[in-house]
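**Q** Let me give you the structure first, and then I'll get to my questions.
Read-outs: derived from the displayed coordinates by stated rules, not from any lab. For clarity, every value in this text was computed on a predicted model and none was experimentally measured. Cβ placement follows ideal geometry from the backbone for every residue including glycine, while neighbour counts extend to all protein chains displayed.
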C-alpha cells in the first residue's frame, strides 16, 4: 500500500511524482514556432557557405577559454522564452496541501522556455548548452502573468563524437565554465539540467496551537511538516528527471524558496542541478594551484569635515 507523509490528503500524488493532471511538455518545439528574428539571428551566426560564422556568449573571458580548453567550441547565445498565465486554486486556511495548479504551471512554463532554448542550440548544430540561467519576470500586463526565460551558450565538441543525451537533445548545464572544465577533465559529462518544483500552501496555525505556544519553546509542527513536504517533493522530482536521463548523479544541486505574490502561506520550492554521467574509468584530477592577485587594493577614502581656521570643537 502506498504510504503518504503525514498531513498529506488521500488521493494526492506521492513525493517525487508530477502534479495531478500534469502533462509532460513536448521534448522538441518545431523550428517554425521560433520567432523569425531568432531564425535570422541563428542563420547569421552559422555564416554563409565558405565563410566563418560569428559566435556570441555570456561566458566570462576565463570561462570562454576554459570551455575551449575542455574541447568545446562556443557557437552562440541561445535563448528560450514563454509568457505564461498562472491559474488559480482555492485552498482553505487550514489546508496543508500542494497547489497543483501552480506546480503544473511552473513546470510547464520552465520546460517550454528550456525546450525552445534547446531548439535554438539544435539549429546551430550544438552538442550542448553551458552556463544556463532560468529567470522569471512578472510583467505589469497582469498579476498572474509571468515571462519564463532560459538562456545559455551553445557549444560543440571540437573532436566530434556524440555528446547529446538519451533524448537526442543537446545537453544542458548550469555549471560555470570553470566547473564544466573540471568535470570534463575528470571524466564526466553533463546530460541535462534537471529541475523539480513544488508550490505548497502551508496551513495556518490553529487557535489551540497558538495558545499552547505562547511563552514556550515549542516546535511549530504544522509549519515544519508543510515546508518539509514541499522541499522533499521538489528534490524528489529533480531526482526523477535525472533518472529519466539515465544519469549517475546530480552536481551543483540547489533548493530555492520563492514567493511570487501568491500570499504569505503559499511558497514555491525549486530544486535545480546538473545531471552527469561518467565517460571514462580513469580520472585526471588537476592538482590545486595557489594563485596570488597582483592587483592593487582599492584606495580607502575617508571623508573628514574641512578644518576651519580659528574654529574650536566642543563636546558635551
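**Q** For segment 35-278, what are the per-bin percents of Cα-Cα distances with bins 5 Å wide, up to the bin holding the maximum?
**A** Bins of 5 Å from zero give 1, 6, 12, 15, 16, 13, 11, 9, 6, 4, 3, 2, 1, 0, 0, 0 percent of pairs.
**Q** Related question: Using R₀ = 35 Å, calculate the FRET efficiency as 1/(1 + (r/R₀)^6) where r is the Cβ-Cβ separation of residue 178 and residue 236; round to 0.05.
**A** Computed FRET efficiency for residue 178 and residue 236: 0.75.
**Q** Could you give the length gained on full extension between residue 73 and residue 185, defined as 0.36 nm per residue of separation minus the Cα-Cα distance, in nm?
**A** Fully extending the segment from residue 73 to residue 185 adds 38.8 nm.
**Q** Starting from the Cα of residue 293, move 7 Å in the Cα-to-Cβ direction to define the label point; list residues of segment 39-81 whose amide nitrogen is under 20 Å from there.
**A** Output list for this probe position: 60-64.
**Q** Only counting other Cβ atoms within 10 Å, I'd like 148, 72 sorted with the fewest neighbours first.
**A** By the 10 Å Cβ count, ascending: 148, 72.
**Q** Express the C-alpha Rg of segment 38-173 as a ratio against the empirical globular expectation 2.2 N^0.38 Å, rounded to two decimals.
**A** 1.29
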